Every structure is written in structure tokens, then in C-alpha cells.
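Scroll down for the structure; my scribbles are underneath it.
Please treat every number below as a calculation from the coordinates, not as lab data. Model, not experiment: these values are computed from the prediction. All Cβ positions, even for glycine, are placed from backbone atoms using ideal geometry, and neighbour counts span all protein chains on display.
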Amino acid sequence: MLKQRILTALVLAPLALVGLFGLVEGGFALFTGAVVLWGGWEWANLSGLARPVQRLAYVVGLAVLMLLAWLLGVVQSAWPLWLGAIGWLTSGYWVVSYPRTSQQWRAPATRLAMGAWVLLPCWIGFIHLRAIGGEWLLYVLLLVWVADIGAYFAGRRFGRRKLAPRVSPGKSWEGVYGGMVATALLAMLFSAWLGLGTAQAIWLVVATLVVTLVSVLGDLLESMLKRLRGIKDSGRLLPGHGGILDRIDSLTAAIPLFALFRLWV
């Protein structure tokens, strides 16, 4: 399993770097859109659509919405990011209250709609951050990566209090705090690298801590859906890593929220 994970990472890492930082405008939108649409294929399965034709129909529907958003200039607006933020508030309520409120969202149609407000704002957030500057896209990717590492080691060393035992028993509050400490340090280092002023640096630390917390919600939301479906991984596309959603679940929450912070400031 470890060998598979390493080989997959060695193949995918250069492709991801070229796609995220070597492409611009339309090419970048197509690359990130393809990743998000594959996530939509897996989300359809999490929503209870087992037949390939049903899952394909969902992906086509998302693709049509993306095309319309691009042609109508919606990708340049902030309101889809705000809709995504409202969607994450709703998702957060469902995660915290699971399984008591599961009847509110377990219908396939509701889960499919949930996927739209998770995946589409993520794609639009990617486009916004790339337009603002590649360094900010790099930052939010590092943020999620550093948060995962900090949470893993802090959770293993200090983990006592379960974060959401009915959704993801392995996560602890100590792990969350460890991830926040790690990303706060990242924010200070990044502020120094960019030469930000004191006020801007403080803003970046605060925004980073909020986004770190919300990125955990992205992971928990997918875990909740997988638990309902009785599956371990969202897919089998990436040997040793599971599916696309297993790799970008935290990003689906972090990307649109951080883009919203950047646009707001």
C-alpha cells in the first residue's frame, strides 16, 4: 500500500503542478474543472446513484452549469462563493448533529444538491485565486497540507477528546488544535516571505485559522456520506489513495472560503 501511494504521488505531483501553475485562464479552468467533475462522478455514488448512466448524467449537469458560469461571467463574481459559504454552514449543522438529522439530507436528490454547492464554488474559488495570484493558490494548498500534517502528529501524540466520533472516530480536538498551530506558523512565515505589514499579517493568521477549521468540515462531510453509503473510499482512481474526493475533500471547503476572504479584503 505504501509503495502504491508513493508511486501514485510521484506520477501525479508533476501533473498537478503543471496544471495548477503552468496553465492560465481557459486552460486552468479546464484542468480544475476536469478534477472537480471527476469528483462529481464520485459524489454521485456517495449520493446513492450506483448506475454509471445516472452518475454520468450528474457529471454532465455539473459541466453544463460550469460552462454557463464561464460564458456568463459568473466565475468572476463573488456571490457563488457566498452561496458556497451558506451551504457549508448547512453541511456543518448536519455533520455536528449526525445521525439525529440524517433524515433531512439522506434523500439522493438532497445529496446531489449538496454536491453542487460543494463542488461548483470550489471550482470558482480556484479560478479566483489563480487570477489574484499564483502565490495565494499555492498558499491555500500548503495550508491544507500543513493542517493535515499538524493534525496527524498532534492527534497521535495528544489525542484524547473525539471530534466527531459518530462521523470519523479517528479525529480528535487535539488534532484540530495541532493543525491550527501548524497553519498559524505557516501564515507568519508566508507573511514574512511576502513582506506583509502587521495588519495584513494579522489578517492572514486569523483567516488561516478560520479556513483551517472549515477544511476539517470538508473531510468530515465526505466521511459522513461514506458512512451512510457503507464505503471506505470515494473511488479507486488513485492507487493507494482512494478517489479524487478523498484527496480534495478538505480543499472543497478551504478553497472557496479563502478566495472569499481574499476578495473581501
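Brief remarks on what is shown
- Qualifying aspartates and glutamates (Cα of each under 13 Å from Cα of residue 162; at least 8 residues distant if same chain): 174
- Relative contact order (%) - the range 2-264, alpha-carbon pairs under 8 angstrom, separation at least six: 25 percent
- Start at zero, step by 5 Å, and the Cα-Cα distances of the range 2-264 spread as 1, 6, 13, 17, 20, 19, 14, 8, 3, 1, 0 percent across the bins.
- 15 Å Cα-Cα reach of residue 226 towards aspartates and glutamates, excluding residues that sit fewer than 8 places from it in its own chain: 42, 246, 249
- For the chain, the 222 nm mean residue ellipticity estimated from helices alone, with every DSSP H stretch of n ≥ 4 adding -39500 (n - 2.57) and the total spread over all residues, rounds to -26500 deg cm²/dmol.
- Principal axis dimensions, the range 125-191 - Cα atoms, whole angstrom, descending: 41, 25, 11
- Fewest-first ranking of 226, 162, using other Cβ atoms within 10 Å as the exposure measure: 162, 226
- Listing 148, 246 from fewest to most neighbouring C-beta atoms within 10 Å gives 148, 246.
- Net +/- balance of residues flanking residue 131 in space, Cβ distance below 15 Å, scoring K and R +1, D and E -1: 0
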